[in-house]
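The values are calculated or read from the model by the stated rules, or taken from the named source; none is laboratory data. Owing to the predicted nature of the structure, the values given are computational and were not obtained by experimental measurement. Backbone-built Cβ (ideal geometry, glycine too); neighbour counts: all protein chains shown. We work out accessible area using only protein heavy atoms, side chains counted, and drop any ligands, DNA or RNA first. Shrake-Rupley method; radii C 1.70, N 1.55, O 1.52, S 1.80 Å.
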Amino acid sequence: MGTLSSLFSIMVLLLFTSFVFSVSLGMPSSIHCNFLHCLDQSSQTSIPVYTPNNSNYLSILESTIQNLKFLSSTTPKPHLIIAPLHQSHVQAIVVCSRRHGIQIKVRSGGHDYEGLSYVSDVPFLIVDMFNLRSIAVDAEDRTAWVQSGALLGELYYRIAEQSPVLGFPAGVCPTVGAGGYFSGGGYGAMLRKYGLAADNVIDAQLVDVRGRIVSRESMGEDLFWAIRGGGGGSFGIIFSWKIRLVDVPPIVTVFTISKTLEQGATSIVHKWQEIAHKLPNELFIRVLIKPVNSTKKMKKTIQASFNSLFLGDAEKLLILMEEQFSELGLRRKDCIETSWIRSTLYFANYLVEATPDILLHMTQAKEFSKGKSDYVTEPIPQVGLQGIWKRLLLEEDSSLTFTPYGGRMNEISEYEIPFPHRNGTLFQIMYKVSWKEAPRFAKQLNWIRELYGYMAPYVSKNPRQAYVNYRDLDLGRSKNGTTNYLRGRAWGTKYFKNNYERLVYVKSKYDPYNFFRNEQSIPTVALPQPHTREAAVDYI
């Protein structure tokens, strides 16, 4: 090794020695030293490594933790945070952590509902992808390569920078990281026209359990199938994705119309359930529901906000709405005509007049929260909606989001990728409750679980389905990701339905000894241990 690399090795080892005796993290210092030495020997260039004694360790750890409940002093912290600068660093991390038996967690944007990308029930390190965020757009080919650490807002900006009539069907929150988002499917305001983000992934670069860099051709179609919606953390570290860009018109129209109970919200939401999934694919109308102050003194009411993107101009939208959803009462003054890139600002609660480069500088809001999800296959009757309103009024900082399906989502087979919630799904429900102070969480958790229990008769059944990108440990969890196939079905069939079986097969084939894992990862089926030294070495 060169002088610079050797010096780096010495500095890292000395730095580690200085903190290992002052911080009890549950892992022998010899393992750390061996790991760091391996990391140095395996890479031609220095890999950024942060320890609890580094002055910027906490700021890096906390930078993309959205949920404040994971910032408490009792939350397990990583022994190291490693921030790879290029793909060879990712290879070295996988090879060395596997060789020395160290648990790794991979983080891109940090919006993880249950913190599974940066919290563990055993000693661990974080592979933080924030340095791997390049985006290469080829407008002529209508594709882009996106590294996993890139945020969705950055992706939108770079696409629009190259073409005003290309876009990508991803989420409404610009600070979500591409890596975890694509891995779980990923939906947004254009899902009815173009499907999920993962439906539009056409290649990927992944570091597998052996430390090899593989692409779609070399990894094989079954592994490529699994990583597009099978949830992050089970199959390898995907550091780059190739996506297919989609057409967007020069002018799109957005609007938000809010109705309270006193203004007929219940009947309008009921009507929305019947028609939202049948509307033309260009029209997306979701419903944001929350308790608000009533005009009556000292009273609360429910507000349903109909939040929409139409891929076309306002005149066409007004005609369409009058024909199919006149109950909402859309008027020309409610409509804002803008560009697709500025519509992403609108959905992120910015003015459409804001400059799009704000997408490059957004930071995520932090709060204490708990989320859950459901899928609805038949309209909820009005009496059922009234029961929801009653419960929402009991919790001030609560909300529901109804996201319509139909359109392109009906046309793609539930087996095309692991994400199975397709034809027959009317809409998705996201439940959320938040609170301002850590000691209050028991009340909020009880509240959201009671609401979730109340909803059982009105949502999908056998299994009751859930969205993997809204991780929910209430559905089940395993110690250090070491569950077996049968116990993994508790959450696996809810996230993936019958695709769980194939995911287990792929996992067992490509990571048979379960190196890549988390508390809700895909388990392996029992495999025989290697009978020869050569077989064991081949895996290691």
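Details
- At full extension, Ser163 and Asp247 could sit 29.2 nm farther apart than now, given 0.36 nm per residue minus the alpha carbon distance.
- In the stretch 65-159, the GluC sites (Glu not before Pro) that fall in loop regions by DSSP, at most 13 other Cβ within 10 Å: Glu140
- Of the chymotrypsin sites (Phe, Trp or Tyr not before Pro) found in the stretch 397-450, those that fall in a DSSP loop while having at most 15 other beta-carbon atoms within 10 Å are Tyr415.
- Extension gain for the segment Ser215 to Glu274, taken as residue separation times 0.36 nm less the Cα-Cα distance, is 17.0 nm to one decimal.
- Residue-wise HN-Hα couplings along the stretch 396-405, as the Karplus relation 6.51 cos²θ - 1.76 cosθ + 1.60 with θ = phi - 60° gives them from phi, are 4, 9, 10, 7, 10, 10, 9, 10, x, 10 Hz; Gly and Pro carry x.
- Neighbours of Pro457 by Cβ distance under 13 Å: Lys/Arg scored +1, Asp/Glu scored -1, total 0.
- Cα-centre dipole for the chain with unit charges at Cβ (Lys and Arg positive, Asp and Glu negative), debye to 20: 1580
- By the Cβ distance rule of under 4.7 Å, the chain has these cysteines without a partner: Cys33, Cys173, Cys335.
- Extending 7 Å from the Cα toward the beta-carbon at both Ser267 and Asp313 defines two label points whose distance is 3.4 nm.
- Ser258-Asp138 pseudo-label distance in nm [points 7 Å out on the Cα-to-Cβ vector]: 4.6
- Relative contact order for the chain: 14 percent, from Cα pairs under 8 Å spaced at least 6 residues apart, divided by residue count.
- For the stretch 361-442, averaging the sequence separation of C-alpha pairs within contact (under 8 Å, six or more residues apart) and dividing by the residue count gives a relative contact order of 46 percent.
- Fully extending the segment from Glu62 to Ser294, taken as 0.36 nm per residue of separation minus the present Cα-Cα distance, adds 79.8 nm.
- Rounded D (µm²/s) - the stretch 96-153, Kirkwood Rh over Cα pairs, Stokes-Einstein at 10 °C, 1.306 mPa s: 119
- Listed residues Phe70, Leu330, Trp447: farthest to the positive end of the dipole of the chain (Cβ charges): Trp447
- Three principal axis extents describe the C-alpha atoms of the stretch 83-239; from largest down they are 49, 33, 27 Å.
- Of the chymotrypsin sites (Phe, Trp or Tyr not before Pro) found in the stretch 47-82, no site is in coil according to DSSP while having at most 12 other Cβ atoms within 10 Å of its Cβ.
- Checking the cross-link pairs Lys372/Lys494; Lys366/Lys461; Lys461/Lys509; Lys69/Lys443 against a 22 Å limit on the alpha carbon distance flags Lys366/Lys461; Lys461/Lys509 as lying beyond it.
- Relative contact order for the stretch 178-249: 41 percent, from Cα pairs under 8 Å spaced at least 6 residues apart, divided by residue count.
- Accessible area (Å², per residue) of the stretch 80-128, counting only protein heavy atoms and a probe of 1.4 Å: 23
- Counting Lys and Arg as +1 and Asp and Glu as -1 over every other residue whose Cβ lies under 13 Å from the Cβ of Leu151, the net charge comes to +2.
- Cα-centred dipole magnitude for the stretch 126-257, charges only on beta-carbon of K, R (+1) and D, E (-1), debye, nearest 20: 200
- Surface/4 estimate of mean projected area, convex hull on alpha-carbon atoms of the chain, nm²: 25.9
- Peptide packing for 35-46, 232-243, 374-385 was compared via the average number of neighbouring C-beta atoms within 10 Å per residue; ordered from the highest value, the list is 232-243, 35-46, 374-385.
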